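To start, the structure itself, in structure tokens.
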């Protein structure tokens, strides 16, 4: 049974989740909100919430290969929306694209006191031309219901096998076998994205050799 806390406004559902778990870290907890003021992405990036955005955080058990946890959650989120008739594409390492290859969601997984905390931001629809949305037009949203339904689906559809997970992720990858640029710190790698390694790292074919990149920001070379 998931304990669910839904608030009208907060700075960050991830921070609120951490605070709540200090008082009771037993069982599954979901925190969601109507309006998130200071959402975070990977690194120093900010996640800009809009009227059509779902913002939620929940504690999860890690995948059997811990570094695959965010990749696993992105696949499950995509599966959730496939049941609603919408196909999403996945971008390494933790982004979701809409059907126009625009970012419409992201997943941030952090460790905290032995727990894995997953923050998820998803645009059901977008009012910003720089960001995508899963649905083409705005509609009335009960954010509390949507967040609870998604959290339930995540807990019920965890992967037990990493090979199955990798296969499902690659089926939905929006840049498989395409030329990409990956920025990791001050280094930039350009090559063909060929798959995921045993730790979830990107495998990029650069000058005929496979380069494995464990962290970084990926863009299609055509968009860079």
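Worth pointing out:
- Residue selection: residue 111 satisfies the criterion of being at pLDDT below 95 and assigned to a strand (DSSP E or B).
- Of all residues making up the range 151-189, the number that are over 12 Å from residue 75 (Cα atoms) and touching a strand residue (DSSP E or B) at 6+ places or on another chain (Cβ under 7 Å): 16
- Residue within the range 121-144 that is closer than 19 Å to residue 52 by Cβ, in contact (Cβ under 8 Å) with a residue 40 or more places away in the chain and assigned to a helix (DSSP H, G or I) present: yes
- If you go through the range 211-220 and keep only what is in contact (Cβ under 8 Å) with a residue 24 or more places away in the chain and in a strand (DSSP E or B), you end up with 213, 217, 218, 219, 220.
- On inspection, residue 193 qualifies as outside the structural domain of residue 54 (by TED's automatic domain parsing) and either on the phi < 0 side of the Ramachandran plot or in a helix (DSSP H, G or I) (or both).
- Test: residue in the range 88-102 that is touching a helix residue (DSSP H, G or I) at 6+ places or on another chain (Cβ under 6 Å), assigned to a loop (DSSP other than H, G, I, E, B) and surrounded by 18 or more Cβ atoms within 10 Å (Cβ to Cβ): yes
- Selection status of residue 149, assigned by TED's automatic domain parsing to the domain that holds residue 78, at pLDDT below 95 and either assigned to a strand (DSSP E or B) or more than 20 Å from residue 66 (Cα to Cα) (or both): no
- Of the residues making up the range 114-123, not a single one is within 21 Å of residue 38 (Cβ to Cβ) and at pLDDT below 95.
- Hits in the range 137-167 (condition: crowded, with 18+ Cβ neighbours inside 10 Å and under 21 Å from residue 98 (Cα atoms)): 143, 147, 150, 151, 154, 165, 166
- Within the range 196-210, the residues that satisfy the criterion of being buried (at least 18 other Cβ atoms within 10 Å of the Cβ) and either modelled with pLDDT under 95 or outside any loop (DSSP other than H, G, I, E, B) (or both) are 196, 202, 204.
The values are calculated or read from the model by the stated rules, or taken from the named source; none is laboratory data. Fair warning: this is a prediction, and the values are worked out from it, not measured in the lab. With ideal geometry, Cβ positions are generated from the backbone for all residues, glycine too; neighbour counts draw on all protein chains shown.
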